[in-house]
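What follows is a set of notes on a single structure, which appears directly below.
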Amino acid sequence: MANFDAGSYFLTTLAPIRPGATQDIDGSTVSFRQRLATTLATLPTALQSPATERTGVQSPFAQSQRTHLCRFAIIDDAIYNGRPPRNPVLTSLFGPDPIVADRPDRLNAAYLMFTAEIDAVTEDGAALPATLSQAEQDAVRDAWARDIWAKMPGTVAAIWGNCLGFQSVDGPDSFARYLARCQVETTMPFHDYWIAPPDLPRLPVKLIAAVALAPLAALALSLAGWAAGAQKVPLLGLAVDWAPWPTAGWAALASAAALWGVYRYAMAHGARPFPPPARADLPSVLKALFVRERLADFAIAQQGADAEALHKAFGAFLAACKPEDATGPTQLPGVVCAPAPEEPDGRTRRKAEV
Amino acid sequence: MRTQLDLADIQGNVVRAYGRYSFPVARYFFLQITDAEAGRRFVEAIRPCVTTAARWDGEGAAAKPQVTLNIGFSFFGLYALGLPTRTLQGFPTEFADGMKARAFILGDRNPACTEEEARGWDAKLDPIWRDNNPLTSGEVHVWLSMNAQVEPGTDRAVAALEARTEWLRSVCREQCGGKVRIMAGHGRDGKGDYQEGRALFAQAPDGALLPTPREHFGFSDGVGDPVFEGQLSAADMRARVEGRGKFMSRAKGWEPLATGEFLLGHPDESQELPPAPRPWRFSRNGAFLVYRKLHQNVATFAEVIGAEARRFARVMGVGADEAAVTLKSKMVGRWPDGVPLAVAGTHAEWLALRGRLGLDDPDPAKALAAARAYLGSAAASAFRYADDMPGHNCPNASHLRRVNTRDYLDPLNDPAGFGPDANPNATTQLNKRRRILRRGLPYGAEGGDDDTEQGIVFMALCASIFRQFEFIQQQWIQYGLDFNAGNNTCPLLGDHSAHRRFAIASRPDSGKPPYVMDGLKTFVEPRGGDYFFLPSLTALKMIGLGVVDPT
């Protein structure tokens with residue numbers, strides 16, 4: 001149930017790579033795995049290093065207004081970790097014969113892993129939801145897949161075209177179905193847009209303890225009464241006419257049921273998604289980065305200004321920066337920072353002097 | 001049980017910063033070995049003269065020399081000496097790479113530039129370091145240092161230094177047939193065949209010249225070096241461990257760091273043996289040495305402080321002199337005399353403390369003695385940052401907080417914690433694997449500008465250059481995330497070609513806003529250096545005799 005948490009959708013997919021080989025554009029023979037590796041190696045990343053910034057060739061995923069992060073990896077095989085450890089005494093008594101080699105675990109094919117963290121919305125800029133039904137979660141995933149197909153159909157085909165089962169994909173809906181088929185559950189999502197701890201409900205620990213301990217106490221008293229040869233359960237016997245022996249049996253059953261119930265209750269409680277943090281959707285995050293940089297520039301430029309000038313300048317800053325408007329002016333997806341305004345001496349602040 | 005180190009097997013600069021033990025003048029030689037056999041003869045000739053860590057006082061003490069001598073080898077130096085491949089293979093990657101190949105990691109090559117844009121980044125290095133490329137005739141193999149005492153009351157090294165230098169030249173010439181040569185290429189003109197290190201001297205009222213702990217920006221340097229188990233006598237350790245070791249808990253207090261943080265073959269703070277080459281006997285009691293010549297742009301420093309101080313004085317409503325000394329001390333984390341800002345966070349508190357310490361005594365001799373006593377005392381080193389998490393006294397991104405984070409990174413610290421009650425249980429656990437022993441001296445004369453030769457010959461000793469020195473340099477000096485300072489670099493040592501800001505928090509009771517310096521320029525630039533292995537005396541003998549056997 002952890003595909004959805006904190007207003008975000010965490011997509012994990014594993015697509016088996018096609019066996020066999022094909023002809024590359026230069027006429028050479030390449031396996032689908034090799035061709036996929038080359039495609040991924042030449043896929044532009046976001047502009048996050050000096051070298052990529054200078055090329056200006058942006059990651060196709062930066063066209064998406066919902067994608068916080070995505071990642072491809074080729075999983076060639078399961079890592080062989082050697083023979084599983086066994087107790088030598090038990091092995092010599094009962095086998096298996098250590099001379100006979102264990103069969104290593106292998107994958108049936110190489111897999112393309114694709115993961116993405118996306119805003120759990122079906123429309124760009126929509127507010128992040130606190131809860132979503134399974135069907136609504138699926139709708140988020142499918143809407144995102146259709147959006148990606150619409151924005152970069154060629155890239156999608158160049159990548160997943162090397163995978164099994166993609167041959168029948170011919171449009172946004174079939175791509176969404178394909179990703180859904182390849183999906184595995186995300187079991188450990190990580191979300192880090194918290195600026196304050198979330199307001200989480202607390203388990204009623206005392207009530208839970210009472211529910212779990214009452215039958216256990218009855219069991220203990222019954223057993224004590226039985227051991228002492230009493231006619232009635234100690235203490236409880238003051239109120240009810242219960243004999244130790246059948247009471248112990250019922251209490252044992254009740255204890256097991258209570259512990260199982262408490263366990264299920266706590267686990268179900270823990271599986272509930274966190275609420276979305278404030279302004280954690282991608283447009284708001286980008287706006288926040290933009291405002292933070294401009295505010296730092298503003299604050300430094302205004303050091304020592306008198307109150308009246310500062311008030312006036314801040315008004316101008318608010319008018320230019322529009323902090324409450326996530327649509328603009330803002331920072332584009334896929335870059336480390338917005339282009340800096342030019343300084344009077346003509347140089348931009350963040351570009352290094354060479 | 002207390003560790004008993006075989007001090008006579010350990011090179012002396014591991015346990016002593018010579019500059020602090022009355023050896024204020026140094027010569028650093030770099031040599032190349034072109035023949036393995038001649039190289040081994042060289043090592044055998046030098047070995048008897050190597051200064052060890054043996055104590056200079058107490059029973060059975062060694063005599064304190066007039067001139068010390070220590071020796072280390074680069075990776076390719078050890079290769080040139082004919083060490084077996086398996087031993088060479090056991091050395092850590094960064095040591096084999098050498099400092100020049102690590103320029104991007106260290107920030108010596110501007111990380112904001114692409115490789116193409118950064119081409120020629122090494123043009124400002126001294127010729128010896130610019131040409132120090134593997135498998136060329138410029139490859140540096142040996143680091144050899146001499147530290148000398150001075151003629152009393154002068155800044156002149158004792159005559160024995162020149163005699164020892166001549167002896168070294170004759171060993172190269174006569175015993176090694178010129179196949180081990182002293183390399184030239186120091187300084188701007190590249191003429192010097194050694195790099196000189198020299199403390200800055202001050203004139204006493206009687207005209208005598210006395211060495212000071214100052215560097216070229218006017219600050220006391222080398223205070224609060226770490227101490228490790230077995231380094232000092234029990235009495236010395238008790239006097240020096242506070243503030244320099246690791247803080248365990250309020251009950252246990254300060255303890256010396258594990259020996260293995262600085263010497264190979266001993267357990268380290270992770271209760272492991274640091275990675276080291278085979279054979280065991282070869283690497284045990286050895287250490288790694290980082291040699292770095294750091295040029296100081298004194299004119300740029302004065303110009304930037306002057307410009308910022310005018311605005312700071314206006315914004316904060318203080319005088320020009322107070323503004324200048326406050327700004328640069330906030331950058332450093334200590335006042336010029338070495339008083340930590342963690343102890344005296346404002347100009348007024350600093351002046352008051354100076355008065356109490358007797359640093360302003362009308363008798364200059366008394367004032368100097370008080371200053372020396374203070375820098376050597378626990379008070380100058382024993383302070384913490386968990387009681388000033390917002391950096392009201394000592395700014396979070398100041399030089400001192402970056403290079404030795406003390407208890408600042410304790411995960412239970414409250415980000416707003418301020419005052420003596422703020423997490424008194426904070427420990428230095430997340431800092432104790434990032435310590436280095438600093439050795440070295442300033443170089444050059446005072447009164448120069450950016451283009452004259454002055455700076456620090458910086459040397460760091462540690463068991464892992466990667467984990468200790470390089471981590472501090474990359475993560476804490478050239479980056480600011482651990483200090484909530486984003487990409488901002490160390491205000492003093494950082495590269496400011498791209499990031500020019502330094503934020504100074506104000507104490508809430510001052511009623512003043514925080515202040516941000518935004519015109520920083522690069523004040524300290526590397527002029528070269530390399531990584532060396534500092535073998536034990538046993539290992540030197542094994543190298544000299546050619547009996548290093550890793551099987």
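The values are calculated or read from the model by the stated rules, or taken from the named source; none is laboratory data. Since the model is a prediction, treat every value here as computed from it, not as a measurement. Neighbour counts run over all protein chains shown; Cβ positions are idealised from the backbone, glycine included. Each accessible area value is taken on the protein alone, full model and side chains, heavy atoms only, with ligands, DNA and RNA left out. Shrake-Rupley method; radii C 1.70, N 1.55, O 1.52, S 1.80 Å.
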Original post:
Given the conditions (1) under 40 Å from the mean Cα position of the chain (by Cα); (2) open to solvent by 50 Å² or more (accessible area, probe 1.4 Å); (3) of a type outside the set (Ser, Thr, Tyr); (4) farther than 25 Å from A:Pro204 by Cβ, and given that A:Ala307 satisfies all but one, which numbered condition is not satisfied?
Top reply: (1)
Original post:
If you check B:Pro424, B:Pro415, B:Pro411, B:Pro420, which single one turns out to be within 14 Å of another protein chain (Cβ to nearest Cβ), surrounded by fewer than 22 Cβ atoms within 10 Å (Cβ to Cβ) and of a type outside the set (Gly, Ala, Ser)?
Top reply: B:Pro415
**OP:** Tell me, yes or no, whether the range B:339-350 has at least one residue that is touching a strand residue (DSSP E or B) at 6+ places or on another chain (Cβ under 6 Å) and either among the charged types (D, E, K, R) or open to solvent by less than 20 Å² (accessible area, probe 1.4 Å) (or both).
**Re:** yes
Original post:
If you check A:Phe317, A:Phe298, A:Phe290, which single one turns out to be closer than 30 Å to A:Tyr9 by Cβ, open to solvent by less than 60 Å² (accessible area, probe 1.4 Å) and either part of a helix (DSSP H, G or I) or assigned by TED's automatic domain parsing to the domain that holds A:Pro50 (or both)?
Top reply: A:Phe290
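For the range B:223-255, how many residues meet the condition of being of a type in the set (Ser, Thr, Tyr) and closer than 23 Å to B:Gly440 by Cβ?
0
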Subject >> Selected residue [of a type in the set (Lys, Arg), more than 26 Å from B:Tyr443 (Cβ to Cβ), in contact (Cβ under 8 Å) with a residue 24 or more places away in the chain and out of contact with any Leu (no Cβ under 7 Å at 6 or more places or on another chain)] from B:Arg86, B:Arg130, B:Arg102, B:Arg55 >> reply: B:Arg86
Subject >> Test set (1) basic (Lys, Arg); (2) open to solvent by 40 Å² or more (accessible area, probe 1.4 Å); (3) more than 14 Å from chain B (Cβ to nearest Cβ) - A:Arg66 fails condition number >> reply: (2)
Original post:
Looking at the range B:306-315, is at least one residue in contact (Cβ under 8 Å) with a residue 24 or more places away in the chain, touching a Phe, Trp or Tyr at 6+ places or on another chain (Cβ under 7 Å) and open to solvent by 10 Å² or more (accessible area, probe 1.4 Å)?
Top reply: yes
Original post:
In the set B:Phe30, B:Phe42, which member is part of a helix (DSSP H, G or I), in contact with a helix residue (DSSP H, G or I) (Cβ under 8 Å, 6 or more places away or on another chain) and in contact (Cβ under 8 Å) with a residue 60 or more places away in the chain?
Top reply: B:Phe42
Original post:
In the range B:243-256, what count of residues is obtained for those that are surrounded by 14 or more Cβ atoms within 10 Å (Cβ to Cβ) and either under 12 Å from B:Arg406 (Cα atoms) or not charged (D, E, K, R) (or both)?
Top reply: 8
Original post:
Which strands (runs of 3 or more DSSP E) sit wholly inside the range B:460-551 and have at least 3 residues that are within 15 Å of the chain's Cα centre (by Cα)?
Top reply: B:524-534
Original post:
Among the helices (runs of 4 or more DSSP H) contained in the range A:130-195, which hold 3 or more residues that are under 26 Å from A:Ala288 (Cα atoms)?
Top reply: A:134-151
Subject >> Count of the range B:104-131 residues which are assigned to a loop (DSSP other than H, G, I, E, B), within 14 Å of another protein chain (Cβ to nearest Cβ) and open to solvent by 70 Å² or more (accessible area, probe 1.4 Å) >> reply: 3
**OP:** Could you pull out the residue among A:Asp119, A:Asp147, A:Asp142, A:Asp124 that is touching a His at 6+ places or on another chain (Cβ under 8 Å) and either closer than 28 Å to A:Ala278 by Cβ or acidic (Asp, Glu) (or both)?
**Re:** A:Asp119
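The rows are residues; the columns are (1) out of contact with any strand residue (DSSP E or B) (no Cβ under 6 Å at 6 or more places or on another chain); (2) more than 14 Å from chain B (Cβ to nearest Cβ); (3) within 17 Å of A:Pro215 (Cα to Cα); (4) at pLDDT 95 or above.
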{"position": "A:Asp241", "(1), (2), (3), (4)": "yes, yes, yes, no"}
{"position": "A:Trp245", "(1), (2), (3), (4)": "yes, yes, yes, no"}
{"position": "A:Arg272", "(1), (2), (3), (4)": "yes, yes, no, no"}
{"position": "A:Gln303", "(1), (2), (3), (4)": "yes, no, no, no"}
{"position": "A:Leu318", "(1), (2), (3), (4)": "yes, yes, no, yes"}
Original post:
For the range B:210-226, what are the residues that are acidic (Asp, Glu) and open to solvent by less than 30 Å² (accessible area, probe 1.4 Å)?
Top reply: B:Glu215, B:Asp225
Original post:
Failed condition for B:Val14, given (1) surrounded by 23 or more Cβ atoms within 10 Å (Cβ to Cβ); (2) modelled with pLDDT under 95, with all others met?
Top reply: (2)
Original post:
Under 8 Å by Cβ, and 6 or more places apart or on different chains, what pairs join a residue from the range A:107-126 that is at positive phi with one that is open to solvent by less than 40 Å² (accessible area, probe 1.4 Å)?
Top reply: A:Gly125/A:Asp281; A:Gly125/A:Pro283; A:Gly125/A:Ala326
**OP:** State yes or no: is A:Ser31 in contact with an Asp or Glu (Cβ under 9 Å, 6 or more places away or on another chain) and surrounded by 14 or more Cβ atoms within 10 Å (Cβ to Cβ)?
**Re:** no
Original post:
Across the range B:487-528, what is the number of residues that are within 13 Å of another protein chain (Cβ to nearest Cβ), closer than 16 Å to A:Ile300 by Cα and of a type outside the set (Asp, Glu)?
Top reply: 16
Original post:
Can you pull out the strands (runs of 3 or more DSSP E) entirely within the range A:1-115 that have at least 3 residues that are within 27 Å of the chain's Cα centre (by Cα)?
Top reply: A:8-16, A:67-75
Subject >> Residues located in the range A:186-213, provided they are touching a residue at least 60 places away in the same chain (Cβ under 8 Å) and open to solvent by 100 Å² or more (accessible area, probe 1.4 Å) >> reply: A:Thr187, A:Met188, A:Ile195, A:Asp199
**OP:** Collect the residues in the range B:319-333 that are open to solvent by 10 Å² or more (accessible area, probe 1.4 Å) and outside any loop (DSSP other than H, G, I, E, B), keeping them in residue-number order.
**Re:** B:Ala320, B:Asp321, B:Glu322, B:Ala324, B:Val325, B:Thr326, B:Lys328, B:Lys330, B:Val332
